[in-house]
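Notes follow the structure.
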Amino acid sequence: MLAPRVLLLSLLLAATSSYAEQDFTNFRVGVGSYSADLAGGPQWMPDGSQAGFSVFAEFPQSNIAASRFILYRINGEDGVRLQGGETQLMWGWGLAQSGPRIYTGPTWHYEKIRVQRGTSDRYRVFNGWGWQLGAGFQYRAITLDFAFGWHDDQDYNDENRYAGLDDGDYTTQSLLLSYRF
């Protein structure tokens, strides 16, 4: 009975000591929270009060360039339904090393949002270019980032006009936690 516990403890200690000496690649996977906001949008569009989740993969090609692919979803209690993905190019500083990191870059998004049409609902596709700005900190293999994004608002403002509202900006916010392999 004591032998399995000693073996388990030995394996944990060996894994911990090799963790400190491990040479990580720059590939990361992670999870996060995701929020979107169409300023002045109709009630069926995201307004920033609904939080969703995201999963993502990131690959820094160097300390100043990286790319990320993120999938996200919001199922708001007030009926807001959004799901999509975004490809992000990142240019900045500290992307492949421990310590602080800051980045910016263009994005391409594709998302489906449930919209109201008369007495029924249907999903509409929104896609286009955007831009992001992010900052975070990496400690060993763990990275925590906050990112803020802007999407091309043409498709979203079509929804505002359909609802008889003024145009508004479409922004996103993400809190991202990742592990570097």
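The values are calculated or read from the model by the stated rules, or taken from the named source; none is laboratory data. Quick caveat, the model's predicted, so the values are computed rather than measured. Don't worry about glycine lacking a Cβ; one is built from the backbone with ideal geometry, like all the others, and counts go over all protein chains shown.
Worth pointing out:
- Screening A141 against (1) crowded, with 17+ Cβ neighbours inside 10 Å; (2) touching a Lys or Arg at 6+ places or on another chain (Cβ under 6 Å) leaves a single unmet condition, (1).
- Matching residues in region 156-181 - criterion: being in contact (Cβ under 8 Å) with a residue 12 or more places away in the chain and part of a loop (DSSP other than H, G, I, E, B): A163, L165, D166, D167, G168, D169, F181
So that you can scan it fast, the table gives a plain yes or no per residue for (1) within 23 Å of F146 (Cβ to Cβ); (2) touching a residue at least 60 places away in the same chain (Cβ under 8 Å); (3) among the hydrophobic types (A, V, I, L, M, F, W, C):
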| site | (1), (2), (3) |
| --- | --- |
| G76 | yes, no, no |
| V80 | yes, no, yes |
| Q83 | yes, no, no |
| G92 | yes, no, no |
| K112 | no, no, no |
| Q116 | no, yes, no |
| R124 | no, no, no |
| G130 | yes, no, no |
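- Selection status of Y110, under 18 Å from the mean Cα position of the chain (by Cα), surrounded by fewer than 14 Cβ atoms within 10 Å (Cβ to Cβ) and farther than 17 Å from S178 by Cβ: yes
- Screening A66 against (1) touching an Asp or Glu at 6+ places or on another chain (Cβ under 7 Å); (2) over 17 Å from G136 (Cα atoms); (3) buried (at least 18 other Cβ atoms within 10 Å of the Cβ); (4) of a type in the set (G, A, S) leaves a single unmet condition, (2).
- Residue, farthest from V29 (Cα to Cα), within region 130-155, restricted to residues that are assigned to a strand (DSSP E or B) and among the polar types (S, T, N, Q): Q132
- Selection count, region 156-172, where residues are buried (at least 16 other Cβ atoms within 10 Å of the Cβ) and within 21 Å of the chain's Cα centre (by Cα): 4
- Hey, R101 modelled with pLDDT of 95 or more, part of a strand (DSSP E or B) and basic (K, R) or not: yes
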